[in-house]
Amino acid sequence: MASIFCCFRGCASFLDLGFATPTVPIKKQPTITLDQQHIGQEVVLVKEGSRICGTGGALGNTAIMQDKAYFEVRLQQSGIWGIGLGSEKADLNTVPMGNDTDSWVMCSDGYLRHNKEEMHHITQLPQEGDTIGVSYNHIELNFYLNGQKLDCPFTNVRGQVYPAVYVDDGAVLDVVFDNFVHDPPPGFDKIILSNCKDV
């Protein structure tokens, strides 16, 4: 008996007798990615805004508003690169970033740069395949290499900031905003979507 009704329902939708259930489009939930509207002129974003290549920088599509935020970057291909935070005023066309007052980055040469100053230097340089973690609590910006804290924080980050990355000389970076390889530090979590610029 049930098969008769199932068949009838299929026929009714075919004949459009008004018995068919209308389909409701599923709205795609906004996600955190690199922002196509805030990239350098020679930057290419692929993999739905999670991979950066070319030359220049890019910002994430949401500011970090929560108290304790974390994201990761996987070094897919070596070259010249940098990872950190930047404001909407950061110069995304100049490599390396960190040469203005609006970006704070760890660079591929081991220097942490801000406002044309080399604030710290790490000796254990990330290699292809490594994962660099970034935590920020509005007091300190810290970096992690394969889950190990590098103990070289920025303490002068000010204003509304976004995740920031830059590449040059063949570097390819994958930015990861959830499903991390390494656990975030205690109390830290993925960035919460706040005021997405391109959603």
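The values are calculated or read from the model by the stated rules, or taken from the named source; none is laboratory data. Everything quoted here is computed from the prediction, not taken from an experiment. As a convention, Cβ positions derive from the backbone with ideal geometry for all residues, glycine included, and neighbour counts pool all protein chains shown. Quick note on the areas: whole protein, heavy atoms, side chains included, nothing else; ligands and nucleic acids left out. Shrake-Rupley method; radii C 1.70, N 1.55, O 1.52, S 1.80 Å.
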If the Cβ limit is 7 Å and pairs must be 6+ apart or interchain, which residue in the stretch 94-110 that is over 12 Å from VAL161 (Cβ atoms) and free of Cβ contacts under 8 Å to residues at least 24 places away in the same chain pairs with which residue that is open to solvent by 10 Å² or more (accessible area, probe 1.4 Å) and in a strand (DSSP E or B)? GLY98/ARG113; GLY98/HIS114; ASN99/ARG113; GLY110/HIS121
Among the residues in the stretch 31-38, are any at pLDDT below 95 and open to solvent by 10 Å² or more (accessible area, probe 1.4 Å)? yes
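Every residue, every condition in (1) at pLDDT 95 or above; (2) not in a loop (DSSP other than H, G, I, E, B), yes or no:
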position	(1), (2)
ALA20	no, no
VAL43	yes, yes
ALA58	yes, yes
ILE64	yes, no
GLY82	yes, yes
ASP91	yes, no
MET97	yes, no
Tell me whether the stretch 61-75 contains one or more residues that are under 23 Å from SER194 (Cβ atoms), among the acidic types (Asp, Glu) and open to solvent by less than 20 Å² (accessible area, probe 1.4 Å). yes
From LYS47, LYS27, which residue is surrounded by fewer than 17 Cβ atoms within 10 Å (Cβ to Cβ), over 23 Å from GLN148 (Cα atoms), charged (D, E, K, R) and at pLDDT 95 or above? LYS47
Restricting the search to the stretch 99-146, which residues are modelled with pLDDT of 95 or more, of a type in the set (Ser, Thr, Tyr) and open to solvent by 40 Å² or more (accessible area, probe 1.4 Å)? THR101, TYR111
